[in-house]
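Since the structure comes first, as structure tokens, the remarks are kept for the end.
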Amino acid sequence: MKLEILEKDKVYHIYNRGINGETIFNTDENKRYFLKLYLKYLERKVETFAYCLMDNHFHFVFQINNEKDVTQALSNLFNAYAKAFNKQNNRTGSLFEKHFKRIQIENEEYLKNVIQYIHLNPKHHLDLDYKSFSFSSYKAILSDKPTHLLRNEVVHLFENIDNFIYCHDFKNEILSEKQKLE
């Protein structure tokens, strides 16, 4: 399988899940540790638009600052986390599916849709309130607290905070109605 090379200045949706769909985050502390490692390995290499950490998978949308070592930095992140998780849980072997998935985002409309999709993951996978979910960038976008996210850029994509909220609510309604019909 030939994997797309991550290129400087391009925006990507990066995601992966636990091998065989298994849990990769047993606790909130696991999720906090993963985010800490994310900053450690990627803070100067990418600019992050959005993220969500679910129990058995994760999503990030970011723009590459330095393509030379971002793939290695991602590998280091996943390896460091897997080693810690395996040690904590007395397990061995792979934690993640072999290769993380990557989709280049080539236009603003698609970027907006991916951000909404990521933020709505808690609702549509676990039936949790996406607005209060702790391990998503949704609340950080709405907050005025310091963040490593591209908060202003995300808000600008949606024109303003009110429209950001409205678009998420509207997309949530559409997805909820679609699920009822299925």
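The values are calculated or read from the model by the stated rules, or taken from the named source; none is laboratory data. Predicted model, so just to flag it, every value in this text is computed and none were measured. FYI the Cβ positions are ideal-geometry reconstructions off the backbone, even for glycines, and counts take in every protein chain you see. Protein only, heavy atoms only, side chains kept; ligands, DNA and RNA dropped before computing areas. Shrake-Rupley method; radii C 1.70, N 1.55, O 1.52, S 1.80 Å.
Among Lys139, Lys145, Lys112, which is the only one that is assigned to a helix (DSSP H, G or I) and either open to solvent by 60 Å² or more (accessible area, probe 1.4 Å) or closer than 21 Å to Asn20 by Cα (or both)? Explain how you work it out, then say what you get.
Details: Lys145 fails: assigned to a helix (DSSP H, G or I); Lys112 fails: either open to solvent by 60 Å² or more (accessible area, probe 1.4 Å) or closer than 21 Å to Asn20 by Cα (or both).
After ruling out the rest, the residue left standing is Lys139.
Only one of the listed residues (Asn86, Asn90) is of a type outside the set (Gly, Ala, Ser), at pLDDT 95 or above, part of a helix (DSSP H, G or I) and surrounded by fewer than 19 Cβ atoms within 10 Å (Cβ to Cβ). That residue is Asn86. The residue list Asn66, Asn56, Asn79 contains one member that is open to solvent by 40 Å² or more (accessible area, probe 1.4 Å), touching a Gly at 6+ places or on another chain (Cβ under 6 Å) and at negative phi, which is Asn56.
Of everything in region 148-157, what is open to solvent by 70 Å² or more (accessible area, probe 1.4 Å) and touching a residue at least 12 places away in the same chain (Cβ under 8 Å)? Give them in sequence order. Before the answer, list the steps.
Of the residues in region 148-157, the ones open to solvent by 70 Å² or more (accessible area, probe 1.4 Å) are 148, 152-153, 156.
Across region 148-157, the qualifying residues are His148, Glu153.
If you check Thr23 against the conditions, is it among the β-branched types (Val, Ile, Thr), modelled with pLDDT of 95 or more and buried (at least 17 other Cβ atoms within 10 Å of the Cβ)? Considered against the rule, which asks whether it is among the β-branched types (Val, Ile, Thr), modelled with pLDDT of 95 or more and buried (at least 17 other Cβ atoms within 10 Å of the Cβ), Thr23 comes out as no.
Of the residues that make up region 143-153, is at least one under 27 Å from Phe34 (Cα atoms) and of a type in the set (Gly, Ala, Ser)? Looking through region 143-153, at least one residue is under 27 Å from Phe34 (Cα atoms) and of a type in the set (Gly, Ala, Ser).
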